[in-house]
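See structure below.
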Amino acid sequence: MIVTFFDWVGHHAAEIIALSALFFTAYQAIIQRRHNILSVKPHITTFTHRNKTKTAGQLQLQLMNNGLGPAFIDSFQVYLAGERCEANAAVNSVLGDLSKNSSITTLGDDYAMRPDEVRNLLVVTFPIASDEQFDTVEQELNKLDLEVHYSSAYGEKFVYDSRITPSQ
């Protein structure tokens, strides 16, 4: 007797339905995990804020997590002319006397930066007579680079490196 495909399906319908349910449940679990990972993905970036009064100018270099989840800082490193250096020494080197009116923050290797958190990494206040002075100070600060290695709550690793433009 020849068993047709339809006869075989009819005899094994329960098993086929059970395997299909198992497959779709596993597929749904994979999709849900991907969604969960994306829903807590951090994104670190920097922002420069200029503030000017009649006699003084202030530049703030801010680090922000504008992602959806916390950023767990694994390492935080400042570079001057491509060389690793300590943050205070680097700022003193590029700003000279202007560094006397500055505030520097470095993040520890175990810092957790919450979503929407903004940290002032460097605040420099200086006497100002023209907008060109802002540009000059900002050009000097551009000699500094920042590299932050961080991870998500799921352990995914990310790097913010000011030496790399977003198009790279």
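The values are calculated or read from the model by the stated rules, or taken from the named source; none is laboratory data. Computed from a prediction, not measured in an experiment: that's the story for all the values here. Note that we place each Cβ from the backbone using ideal geometry, even for glycine, and neighbour counts take in every protein chain shown.
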Considering T136, T125, which residue is surrounded by 17 or more Cβ atoms within 10 Å (Cβ to Cβ), under 28 Å from K54 (Cβ atoms) and not hydrophobic (A, V, I, L, M, F, W, C)?
T125
So, in segment 69-110, of the ones that are part of a strand (DSSP E or B) and either in contact with a Pro (Cβ under 7 Å, 6 or more places away or on another chain) or without any contact (Cβ under 8 Å) to a residue 40 or more places away in the chain (or both), which residue ends up nearest to G57 (Cα to Cα)?
S102
Might you check whether a residue that is in contact with a Pro (Cβ under 6 Å, 6 or more places away or on another chain), outside any loop (DSSP other than H, G, I, E, B) and not charged (D, E, K, R) occurs anywhere in segment 144-153?
no
Those residues of segment 111-143 that are more than 18 Å from M64 (Cβ to Cβ) and in a loop (DSSP other than H, G, I, E, B) come to a total of 5
How many of the residues making up segment 96-122 are more than 24 Å from Y160 (Cα to Cα) and surrounded by 14 or more Cβ atoms within 10 Å (Cβ to Cβ)?
3
Which pairs do you get when a residue that is more than 18 Å from N65 (Cβ to Cβ), found in segment 20-49, comes within reach of a residue that is acidic (D, E) and outside any helix (DSSP H, G or I), reach meaning Cβ atoms under 6 angstrom, with the pair 6+ apart or on two chains?
none
In segment 7-35, the residues that are among the polar types (S, T, N, Q) and either farther than 30 Å from S151 by Cα or assigned by TED's automatic domain parsing to the domain that holds G155 (or both)
S20
Mind listing just one residue for me: the one in segment 64-95 that is surrounded by 13 or more Cβ atoms within 10 Å (Cβ to Cβ) and hydroxyl-bearing (S, T, Y) and, of those, modelled with the highest pLDDT?
Y79
Look through S99, S152 and report the one residue that is small (G, A, S) and in contact with a helix residue (DSSP H, G or I) (Cβ under 6 Å, 6 or more places away or on another chain).
S99
